[in-house]
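This report concerns only the one structure given below.
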Amino acid sequence: MRSLQTLTSNQFLKHYLDRFDFTEYVNGSTRLKLTQSAMAAIPVLLPPLAEQWRIVAKINALMARVNAARERLTQVPTLLERLRLESSG
């Protein structure tokens, strides 16, 4: 699916489709299939391009904060061990 650059930001479209629930648009029991006609029926709500860029910037900023928090969380066991050693020593 190609994005018309004057109507939509590719990044906005990616974020939109990443969160879209395709359940009612796919068929098949063992292997789900999304046909071109079903894909054409998917509603894509497009705010003005400037608003899309603002939304993408906000999502990217929030994801950077999430990633930083995850990184800090990986350091918690080491910090707890240090505190345990300091309090017992």
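Coordinate-derived values only; no laboratory data. The structure presented is a predicted model; accordingly, all values stated were derived computationally and were not measured. Using ideal geometry, Cβ is built from the backbone for each residue, glycine included, and neighbour counts are taken over all protein chains shown.
Data for the structure
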| read-out | value |
| --- | --- |
| Flag for E81 being more than 21 Å from the chain's Cα centre (by Cα) and surrounded by 10 or more Cβ atoms within 10 Å (Cβ to Cβ) | yes |
| Residue match in region 66-75 (condition: outside any loop (DSSP other than H, G, I, E, B) and among the small types (G, A, S)) | yes |
| Test result for E51, more than 19 Å from N10 (Cα to Cα), out of contact with any strand residue (DSSP E or B) (no Cβ under 6 Å at 6 or more places or on another chain) and among the charged types (D, E, K, R) | no |
| Subset of region 66-89 (residues that are closer than 30 Å to T23 by Cβ and not polar (S, T, N, Q)) | V66, R70 |
